[in-house]
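Colleague: There's a structure below that I have some questions on.
Values quoted throughout were computed directly from the atomic coordinates according to the rules given, and no laboratory measurement underlies them. Keep in mind the model is a prediction, meaning the values are calculated, not measured. Using ideal geometry, Cβ is built from the backbone for each residue, glycine included, and neighbour counts are taken over all protein chains shown.
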Amino acid sequence: MKAPLDAPRSLLVEILAWCPGITYVVLLYVVVLNTGRELTGMRLLLAALSAALLLPLVLRRPLPALVLLLTASFAATVMADSVMAAGQGGIYGMPPAQTQAWQIASLQAVLTDLTVGWIAATRSRLTAAVAALVALGVQIGGASYYRQGPSSILAASAFLALMMVTAWTVGHSVRERRQHTATLRARVAEQAVTAERLRIARELHDMVAHSIGVIAIQAGVGRRVIDTQPSEARNSLAAIEDTSRDTLAGLRRMLGALREADPGDGAPLGPAPVLADLDGLVERTRDAGVRVDIDWRGERRPLPADIELSAYRIIQEAITNAVRHSGANACRVTVDCREDDLSIEITDEGRGLSGLPGAAGYGLTGMRERAALLHGEFTAGPRAEGGFRVAARLPVPAAVR
């Protein structure tokens, strides 16, 4: 719904667009009536420059502007032929009356073609085609006032048709290019949304899958020993509580970032996990019954946040698969901080994922996508000596080496 001030402002803009257009028609009428000679030199230039008065109306109301222009141009051509019928001289071998009419018609044809081109660039194909045909018909109808003989009229008509087709084609090409650009922008936006959804899905999967796996194992242990070893059952419940709290904190951090929560609401969101947080991951995995040994190689140094997060999530998902599916009681993690890249490897001696179709679910896919987004490499598969191996190489940008 328009604001109260919009209607007067819109009316004022309409008036300011129509007044110069009508002024041009009046000036054209004055020029035709008061010019006793051909519109050559400065007189023709002034008549052409006055066409700029049509610009506001063409930009705002191109279809009414075309109707006004066609009416004025046809009337001016006929009037020029009548006014100059008794004149002297002429150019290009034509009588003076036809010379004046030809000059008026040529100037108006250029303006009409430009207007049709603008309509083709801003309106539908059907509207632009109808406008072009109507304009061409009026132009050909006025050709008889400055051309004599069938061959001369036919040549003028062919030239006018060529100019009109050119103007329509250029305008239509501009419209198609604009639509193509808009389509590409929409496609890029859709791809960005899809990529963001995949990123969120990976984060949720990596975060929840590990925690639920640990919780399930601890709950099973607690259920079996609650009657015979109450202290072990309490330890299992404590591990479940800690894992649940960590998971809830991670979920809260993610949802808070998505919702752009107010930092002043008293709920700290906390940082994203990094490689330095692997000790806590190892501790929770040990409580689930699987020993994790980490072998740090190279110089440990801060890395870009996206590399740290991806490396942590890959290691977390690989350990989760080892806990849930391998049946191994231990796994080994190697983190090699090289100058050019970060290399990680997770191995175990269990049964791997063989014989368990779909056991990894989206885990391996998510790890592979994380590495690919950072232009890295990822491999996963059973080892020849038994067990399973996950390896990834994440290149380090030259700026932080």
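Colleague: Under 5 Å between amide hydrogens, which residues at least 5 positions from Arg338 or on another chain qualify, with H placed 1.01 Å from N in the peptide plane?
Modeller: Ser343
Colleague: So what J values fall out for the stretch 127-133 if you push phi through Karplus, 6.51 cos²θ - 1.76 cosθ + 1.60 with θ = phi - 60°, rounded to Hz, Gly and Pro as x?
Modeller: The phi angles translate into 4, 5, 5, 4, 4, 5, 5 Hz.
Colleague: Determine, for each peptide in 52-60, 182-190, 314-322, the mean count of other beta carbons within 10 angstrom over its residues, then list the peptides with the highest first.
Modeller: Packing proxy ranking, top to bottom: 314-322, 52-60, 182-190.
Colleague: Now for a separate question. For Ile294, what residues show an amide H to amide H distance below 5 Å, using hydrogens built from the backbone and excluding near sequence neighbours?
Modeller: Amide H to amide H, under 5 Å and 5 or more residues apart or across chains, Ile294 pairs with Val333.
Colleague: Further, regarding this structure: I need the shape label for the stretch 131-218. Rule: rounded when a/c is under 1.5, else prolate if a/b > b/c, else oblate, with a, b, c from the alpha carbon gyration tensor.
Modeller: prolate
Colleague: What's the local net charge at Ala276, with K and R +1, D and E -1, over the other residues with C-beta under 12 Å away?
Modeller: -1
Colleague: Multiply the residue separation of Asn329 and Val165 by 0.36 nm, subtract the distance between their alpha-carbon atoms, and state the gained length in nm to one decimal.
Modeller: Full extension from Asn329 to Val165 adds 51.1 nm.
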